[in-house]
Amino acid sequence: GMKVSDFFQGSKGIEIGGPKIAFSFDVFGVRINITETIIISWAILIGLTLLVLFLTHNMKKKPEKKRQVIAEFLVETVDNLVKNTMGEKFKAFAPYIAALFASSIFGSLVSLTGLRSVTADYSTTLTWALMSFVMIQAAKIKSNGIGGYLKSFINPLNIISEVSTPVSMSFRHFGNIAGGMIISSLIYFALTGLSTAIGLAVPIFTVGIPAVLSLYFDLFSGFMQAFIFIMLTMCFIESASSEQ
């Protein structure tokens with residue numbers, strides 16, 4: 001019979017690993033790995049920077065171009081979200097929240113281009129959670145003073161609750177995106193197996209179904225995790241500032 005090329009045969013095996021290492025180098029005897037996560041993260045960062053420069057280029061007092069209208073809409077939306085969630089006095093946090101949200105959304109949605117989601121790497125979400133954690137601690141010191149801040153740690157439960165904040169935030173985001181990636185791979189593999197089991201040369205079951213699931217896991221879940229992450233960040237910083 002006619003041989004069907006490997007390209008049309010679907011997934012014959014499952015391989016789920018961490019991000020691939022592009023290259024490594026040693027610094028003072030410590031091995032530094034440059035992974036696909038780092039490369040894709042930088043590409044997203046450059047892409048977002050160029051997008052912002054494009055949207056805000058040649059701005060006028062009265063918007064004339066569509067891109068200025070879009071830019072103003074995005075800024076106002078984030079400003080209002082921060083004001084409604086944290087209060088007027090926290091509006092300086094809006095750029096940070098916007099950067100976090102954009103990095104998270106694009107970091108997850110990059111999988112739609114066939115690249116690996118950077119948020120499916122725990123080091124990405126942990127880094128963001130630690131940045132937010134530092135801001136939470138700074139807000140506590142600002143509102144309670146160094147003395148009041150240190151006094152709160154007399155109770156060991158307070159130390160556990162402080163440490164658990166970045167851990168739970170980062171694991172939630174990472175777990176949802178990495179889990180979605182793994183489930184999508186498993187379903188694609190299972191649908192290939194089902195097609196083969198009933199004697200189909202080309203696994204037609206893999207057409208369409210994984211795409212719909214990918215829309216859920218990548219688009220919906222990616223958006224939800226980004227939104228949950230910024231909402232938690234805002235709530236933690238706001239409550240840390242009002243603690244006495």
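The values are calculated or read from the model by the stated rules, or taken from the named source; none is laboratory data. The structure presented is a predicted model; accordingly, all values stated were derived computationally and were not measured. Counting neighbours? That spans all protein chains shown, and the Cβs are built from the backbone with ideal geometry, glycine included. Calculation scope for accessible area: heavy atoms of the full protein, side chains included, ligands and nucleic acids excluded. Shrake-Rupley method; radii C 1.70, N 1.55, O 1.52, S 1.80 Å.
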**Asked** Counting only residues that are in a helix (DSSP H, G or I) and either open to solvent by 90 Å² or more (accessible area, probe 1.4 Å) or aliphatic (A, V, I, L, M) (or both), how many does the range 62-81 have?
**Response** 10
**the range 217-244 residues that are more than 30 Å from Leu150 (Cβ to Cβ) and modelled with pLDDT of 85 or more, paired with ones that are open to solvent by 50 Å² or more (accessible area, probe 1.4 Å) and basic (Lys, Arg) (beta carbon under 6 Å, 6 or more apart)** = none
**Request:** Could you check Leu115 against (1) closer than 19 Å to Phe223 by Cα; (2) assigned to a helix (DSSP H, G or I); (3) touching a residue at least 24 places away in the same chain (Cβ under 8 Å) and say which number it fails?
**Result:** (2)
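Okay, residues lined up against (1) aliphatic (A, V, I, L, M); (2) surrounded by 11 or more Cβ atoms within 10 Å (Cβ to Cβ):
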{"position": "Ala139", "(1), (2)": "yes, yes"}
{"position": "Asn144", "(1), (2)": "no, yes"}
{"position": "Gly147", "(1), (2)": "no, no"}
{"position": "Ile159", "(1), (2)": "yes, yes"}
{"position": "Ser168", "(1), (2)": "no, yes"}
{"position": "Phe171", "(1), (2)": "no, yes"}
**Asked** Quick check, is Ala190 modelled with pLDDT under 70, open to solvent by 40 Å² or more (accessible area, probe 1.4 Å) and not hydroxyl-bearing (Ser, Thr, Tyr)?
**Response** no
